[in-house]
Amino acid sequence: MKITEMSRTRLRRLLRAFQGRERILVLTHDYPDPDAMASAVALKRLVERRLPSQVEIGFGGIVGRVENQAMVKAVKCPIRPLTDLDLSTYQGFALVDTQPRTGNNSLPAGKVPDVVLDHHPLRRETRRVKFHDVRTRFGATATMMYEYLRAARFRLDTDLATALFYGIKSETQGLTREATLRDREAYIRLLPQVDFRKISDIEYAGVSREYFGLMGSALANTKLYGDVTITSLGEISNPDFCAELCDMILRLESTRVALCVGHNSGIMYLSLRTRERSGHAGRSIGRIVGKEGKAGGHGMMAGGIARLDKFDPPKYETALKVVKGRFLDVAEAKSRVPTPLLEALPANSAGAKRLKELRAKAPVSS
Ligand SMILES: [Mn+2]
């Protein structure tokens, strides 16, 4: 069967799963990222075009990263926090970029959605869903959604094209992380319709002075254990910051695997990143959170949560110690002795010389 035929079959089954549902709620994961938001918007537009249903998009948590907040504004994502919605008024439910019982979405316990669209590994609970389309070979759920829109011969407007493009771009770090041919194809086909001024508004969104303060203390709290790093952020108001910082720390040339943790309201948040293409980050994070938490992810990136009250004593410090031990084992850290990232380099060391050279030679760039 040709790809387009398969897409059309999938489209028919997707729409059939929603048949008769007057009001549908599409849920992303909590603390939604651009891939999740773009996918949810695409699903809403597609269903509302084809069915008489009314579709709303809800999420738990907050939209944390300033880039993500800027995206909501720039491409007008009609997403609403769950606290604003009355779940009893919906007959239909869908999950995008997440699955039932992953611990990272706010689907009420015991509720089986009608539709699940995702690119994370398939979960047992998802098999009970009327229509589930879970394709781990896709770098972004937004790519899958783009293919649905194509199958439906949906004419995208600039905002939707820009949202999907940015969803794919940010999820795959510009097609460099876990992107496949299908992601490339969607990216290229969307490109002529993208408003790059909006992309710029998103990617270079202004940040507050507090943000730099947070960044500074995060760097000060990053420790190296040979070729792996751990950053403890302590209490954070925005769990997205874990993921953002983890991406940044992984750029440290001597680092192979990076873990960032923080906590809020009794929950520990974890992000894991690896440079290894078949890094099994998803599996590793599962072992790190253990029975105290839930986790999910792909090969090179993963995230999880753990409940602080499952540790004895039920404190962040205890949880951190346990999680750190597991992480160093799972990541096969070359050292158990921590060195602070920002520790002053020993005088006369190669590193100190390099730093001195960099400072002396740094051109004044405009
Ligand atoms: Mn995704």
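The values are calculated or read from the model by the stated rules, or taken from the named source; none is laboratory data. As the structure is a prediction and not an experimental result, all values here were calculated from the model. Virtual Cβ from ideal backbone geometry, glycine too; neighbours counted across all protein chains shown. Each accessible area value is taken on the protein alone, full model and side chains, heavy atoms only, with ligands, DNA and RNA left out. Shrake-Rupley method; radii C 1.70, N 1.55, O 1.52, S 1.80 Å.
Things worth noting here:
- Pick from the range 65-114, criterion open to solvent by less than 20 Å² (accessible area, probe 1.4 Å), touching a helix residue (DSSP H, G or I) at 6+ places or on another chain (Cβ under 6 Å) and part of a loop (DSSP other than H, G, I, E, B), ranking: farthest from the ligand (Cβ to nearest atom): ASP114
- THR180 being out of contact with any Cys (no Cβ under 8 Å at 6 or more places or on another chain), of a type in the set (S, T, N, Q) and more than 19 Å from TYR148 (Cβ to Cβ): no
- The residue of the range 47-64 that is farthest from PRO108 (Cα to Cα), among those that are surrounded by 21 or more Cβ atoms within 10 Å (Cβ to Cβ) and away from the ligand (no atom under 16 Å from the Cβ), is VAL47.
- Entry remark, the range 236-252: residues being under 17 Å from PRO340 (Cβ atoms) and open to solvent by 30 Å² or more (accessible area, probe 1.4 Å) number 2 in total.
- Residues (crowded, with 17+ Cβ neighbours inside 10 Å and away from the ligand (no atom under 13 Å from the Cβ)) located in the range 117-145: ARG123, THR126, VAL129, PHE131, HIS132, ASP133
- The set of residues in the range 312-346 that are among the charged types (D, E, K, R) and over 15 Å from GLY234 (Cα atoms) comprises ASP312, ARG326, ASP329, GLU332, LYS334, ARG336, GLU343.
- Taking the criterion of being in contact with an Asp or Glu (Cβ under 8 Å, 6 or more places away or on another chain), within 15 Å of the ligand (Cβ to nearest atom) and of a type in the set (A, V, I, L, M), the residues of the range 167-202 that qualify are ILE168, LEU175, ALA186.
- Candidates TYR166, TYR148: the one that is in contact with a Leu (Cβ under 7 Å, 6 or more places away or on another chain), open to solvent by less than 40 Å² (accessible area, probe 1.4 Å) and in a helix (DSSP H, G or I) is TYR148.
- Residue list for the range 12-46, filter: more than 16 Å from the ligand (Cβ to nearest atom) and open to solvent by 10 Å² or more (accessible area, probe 1.4 Å): ARG12, ARG13, LEU15, ARG16, GLN19, GLY20, ARG21, GLU22, ARG23, LYS44, ARG45
- For LYS334, the criteria (1) of a type outside the set (Val, Ile, Thr); (2) part of a helix (DSSP H, G or I); (3) within 26 Å of ILE305 (Cα to Cα) hold in every case but one, which is (2).
- Taken over the range 127-145, residues that are assigned to a loop (DSSP other than H, G, I, E, B) and out of contact with any strand residue (DSSP E or B) (no Cβ under 6 Å at 6 or more places or on another chain) amount to 7.
- Selection from the range 180-225 of residues that are within 30 Å of ALA331 (Cβ to Cβ) and open to solvent by less than 40 Å² (accessible area, probe 1.4 Å): THR180, ASP183, MET215, GLY216, ALA218, THR222, LEU224, TYR225
- Residue check, MET215 away from the ligand (no atom under 16 Å from the Cβ) and in a helix (DSSP H, G or I): yes
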